[in-house]
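Each remark here refers to the structure printed beneath this line.
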Amino acid sequence: MVDLHIHTDFSPDGKNSIEEVIMQSKINGVGIIAISDHYDLVAGPYIFNKIADLKKYNETIDNYKREESEIKILKSLEFGIQSFISEELKDDYDFLLYSVHHTKKVFTDLPRDDTDLVWKLYLEEAVEAVKDIDHIGFYTHLDLMKRYLKNNPEVPKKYEHLVVELLKRIVKYDLGLEINTAGWRMPFKEQQPKVWIIEKYFELGGRYISIGSDSHNKKTIGCGYYQAVDLLKKIGINEIFYGEGGNYVRYGI
Ligand SMILES: [Zn+2]
Ligand SMILES: [Zn+2]
């Protein structure tokens, strides 16, 4: 079992230490984990989702990678990209998780009941934000705004072309697509993104699927993995990928 999306207390909204995460992963039977704490390039008045000391974060994970022999630990970041801001990452990561958490505004400034507006602004921003990518990784929780909007509405039909545009960018930069299992723990009880989006990614030439729980608490490490595997097999996909040392590595499911 793998879990390629785990937060620790290096994230402002993460609960457990890396040590606790490693111990719990062993208990939960997860053999490959990625530590992927938040590094959002834009921080709004309500959101400060950024590792405070990136150097310490990198060194701490490097130490655990060296010392740990029972499970594989991968060094990642949930890199919160936006179209209007950029930053070059200096350290080496096994892979990155690319997230767009905001529109041109911090999402919590947007009305939760304006489905059309929020989806439009998010997808337009996401299409623009996937640029100048020079490190392998996976685009996470592609239909994110479903979590934020009242009653968790899907992408409106009239904006599905923007999802396709976004997928084209993801494929262009040779990025993978994450199956984020946190949605199964939310009221809408479904993985993110929807199946049609996963299928469209393949249709457009994408190859790399990852699975991550987006755990902010050690209790949920590995949650939803087998559900995601079942779903992928149903649509004819028998392999996922993780990143190690900047290369995609195949993992049979
Ligand atoms: Zn996220
Ligand atoms: Zn996350």
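When you look at Tyr173, is it more than 15 Å from the chain's Cα centre (by Cα) and within 16 Å of ligand 2 (Cβ to nearest atom), yes or no? Taking the combined requirement at face value, the residue does not satisfy it.
Here Ile209 fulfils each of the conditions (1) buried (at least 17 other Cβ atoms within 10 Å of the Cβ); (2) under 18 Å from the mean Cα position of the chain (by Cα); (3) more than 18 Å from Asp94 (Cβ to Cβ) apart from (3). Restricting segment 170-184 to residues that are of a type in the set (A, V, I, L, M) and out of contact with any Leu (no Cβ under 8 Å at 6 or more places or on another chain), which is farthest from Arg207 (Cα to Cα)? Filtering segment 170-184 for residues that are of a type in the set (A, V, I, L, M) and out of contact with any Leu (no Cβ under 8 Å at 6 or more places or on another chain), the one farthest from Arg207 (Cα to Cα) comes out as Ala182. Looking at segment 216-224, is at least one residue within 15 Å of ligand 1 (Cβ to nearest atom), of a type in the set (S, T, N, Q) and touching a Phe, Trp or Tyr at 6+ places or on another chain (Cβ under 8 Å)? Looking through segment 216-224, none of the residues is within 15 Å of ligand 1 (Cβ to nearest atom), of a type in the set (S, T, N, Q) and touching a Phe, Trp or Tyr at 6+ places or on another chain (Cβ under 8 Å).
For (1) closer than 21 Å to Leu41 by Cβ; (2) surrounded by fewer than 20 Cβ atoms within 10 Å (Cβ to Cβ); (3) out of contact with any Ser or Thr (no Cβ under 7 Å at 6 or more places or on another chain); (4) at pLDDT 95 or above, each residue gets a yes or a no:
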residue: Leu121; (1), (2), (3), (4): yes, yes, no, yes
residue: Glu124; (1), (2), (3), (4): yes, yes, yes, yes
residue: His135; (1), (2), (3), (4): yes, yes, yes, yes
residue: Asn151; (1), (2), (3), (4): no, yes, yes, yes
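Number of residues in segment 13-47 that are under 26 Å from Glu87 (Cβ atoms) and either crowded, with 17+ Cβ neighbours inside 10 Å or under 14 Å from the mean Cα position of the chain (by Cα) (or both): the value is 13.
Being among the polar types (S, T, N, Q), more than 16 Å from ligand 1 (Cβ to nearest atom) and at pLDDT 95 or above, is that true of even one residue in segment 40-61? Looking through segment 40-61, at least one residue is among the polar types (S, T, N, Q), more than 16 Å from ligand 1 (Cβ to nearest atom) and at pLDDT 95 or above. For Leu142, indicate whether it is modelled with pLDDT of 95 or more, part of a loop (DSSP other than H, G, I, E, B) and within 16 Å of ligand 2 (Cβ to nearest atom). Criteria met by Leu142. Can you name the residue in segment 77-101 that is among the aromatic types (Phe, Trp, Tyr) and within 16 Å of ligand 2 (Cβ to nearest atom) and, of all such residues, is surrounded by the fewest Cβ atoms within 10 Å (Cβ to Cβ)? That would be Phe79.
In this structure, is Glu125 under 17 Å from the mean Cα position of the chain (by Cα), away from ligand 1 (no atom under 13 Å from the Cβ), assigned to a helix (DSSP H, G or I) and of a type in the set (Asp, Glu)? Yes; evaluated as a whole, the condition is true for this residue. A count restricted to segment 57-83 and to residues that are free of Cβ contacts under 8 Å to residues at least 24 places away in the same chain and over 21 Å from Ile211 (Cβ atoms) stands at 6.
Of all the residues in segment 128-169, those that are of a type in the set (Asp, Glu), within 15 Å of the chain's Cα centre (by Cα) and more than 19 Å from Ser210 (Cα to Cα) number 0.
Do we have Gly183 as outside any helix (DSSP H, G or I) and either without any contact (Cβ under 8 Å) to a residue 60 or more places away in the chain or surrounded by fewer than 17 Cβ atoms within 10 Å (Cβ to Cβ) (or both) here? Against the criterion (outside any helix (DSSP H, G or I) and either without any contact (Cβ under 8 Å) to a residue 60 or more places away in the chain or surrounded by fewer than 17 Cβ atoms within 10 Å (Cβ to Cβ) (or both)), Gly183 does not qualify.
The values are calculated or read from the model by the stated rules, or taken from the named source; none is laboratory data. Quantities reported herein were computed from a predicted structural model and do not represent experimental measurements. In this analysis, Cβ positions are derived from the backbone assuming ideal geometry, glycine residues included, and neighbour counts consider all displayed protein chains.
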